[in-house]
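The block underneath contains the structure these notes are about, expressed in structure tokens.
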């Protein structure tokens, strides 16, 4: 194996393993919401915030605030899903908030350990899948020089 291939393999592996591990860490957290208790809640705020993202660019972030009762207390949260991952693209933010108009009734998946971190959506997000897929691709590319020789 040449020195360039060796350096490439080390770099690809150095990026691929952490990405795969991060995706593997996020995904079970996202999946755990399926077993959380459910309670009705109501949407208080549903809007898009335009936030500065650096170097003269902005991102559009969906902001969904809701209230829900749990164990005789009323909680307020803005976590629509674990991690609140959104791409920053306005069309995506509009799609997300369109599911949650202010004043509407929703099902809240209650995080019994931290009710303020409850969510409106359960299941995996594109973020965890992207990290896992890119991690696998980089690890495969890191192994390629060993296979080709």
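Within the range 22-52, how many residues are at pLDDT below 85, farther than 21 Å from residue 107 by Cβ and surrounded by fewer than 18 Cβ atoms within 10 Å (Cβ to Cβ)?
Number satisfying all stated conditions: 4.
Condition (residue is buried (at least 16 other Cβ atoms within 10 Å of the Cβ), in contact with a helix residue (DSSP H, G or I) (Cβ under 9 Å, 6 or more places away or on another chain) and closer than 30 Å to residue 37 by Cβ) applied to the range 87-104: is it met by at least one residue?
no
Restricting to strands (runs of 3 or more DSSP E) lying wholly in the range 36-149: which have 2 or more residues that are free of Cβ contacts under 8 Å to residues at least 24 places away in the same chain? Explain how you work it out, then say what you get.
Working: elements: 38-54, 57-70, 73-77, 105-109.
Hits in the range 36-149: 38-54, 57-70.
Looking only at the range 107-139, count every residue that is modelled with pLDDT of 85 or more and either crowded, with 17+ Cβ neighbours inside 10 Å or under 10 Å from residue 82 (Cβ atoms) (or both) and tell me the total.
Looking only at that region, the number is 11.
The values are calculated or read from the model by the stated rules, or taken from the named source; none is laboratory data. Fair warning: this is a prediction, and the values are worked out from it, not measured in the lab. Using ideal geometry, Cβ is built from the backbone for each residue, glycine included, and neighbour counts are taken over all protein chains shown.
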